[in-house]
Structures are given as structure tokens and as C-alpha cells.
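Colleague: Got a structure for you, questions after.
Please treat every number below as a calculation from the coordinates, not as lab data. Computed from a prediction, not measured in an experiment: that's the story for all the values here. Cβ sites come from the backbone with ideal geometry, for glycine too, and all protein chains shown count toward neighbours.
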Amino acid sequence: MSIQEVSAETLAELFHHYHQALGQDFGCHEVRNSESWQDVPQAERSRTVAAIRLALLEMDSSPEPKDDSRRYFAKPGEAEWGC
């Protein structure tokens, strides 16, 4: 799946779900940790979706690291053979 295929809204909801699910593992015992995505105030949901959207845009626009895994290998037909 590419970044273009990711819905910011769906990712924000999943992020919230896992953030809540992992809360107790990291010592978060707040009452808010049990609220569902639908119970989160609209302003907070909008802010989270906007932040996810910006992060996806930044990830999509940043140059991807070059694949160096083949830099030491000759292209087909270009290898020099010898001992």
C-alpha cells in the first residue's frame, strides 16, 4: 500500500485505538484512555486528522533513500569475467 492510498481519517482512528490500547502498558491510567474515537471531541479529532494528513504529505514529498543494495553489482551484460 502506498501513502497515496492511506486515508488520514482511518489512520487517525487507528492511531487513537492503538494509543488507547497501549496506555496501560506505559503507565497511563487516565480515565480518557478508555474513550472511543467517537467520544473524542470533534475539535481533537479534526486536529489529529490534520496532523496525520500533514505527516503523510511530508512522508510522500521527502526523497526516498536510494537503494544501495545493488550498487556493487554490474548490470546484465556489463560484468567483466576473469580470474
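Colleague: Enumerate the calculated ³J(HN,Hα) couplings along region 13-24 in order (Karplus 6.51 cos²θ - 1.76 cosθ + 1.60, θ = phi - 60°), each rounded to whole Hz, writing x wherever the residue is Gly or Pro.
Modeller: These are the phi-based 3J(HN,Hα) values: 5, 5, 4, 4, 4, 6, 4, 5, 5, 8, x, 5 Hz.
Colleague: Arranged from highest to lowest average of other beta-carbon atoms within 10 Å per residue, in what order do the peptides 14-20, 41-47 appear?
Modeller: Most protected by this proxy first, the peptides run 14-20, 41-47.
Colleague: Once both labels are modelled 7 Å past Cα along the beta-carbon direction, what's the PHE26-SER62 spacing in nm?
Modeller: 1.8
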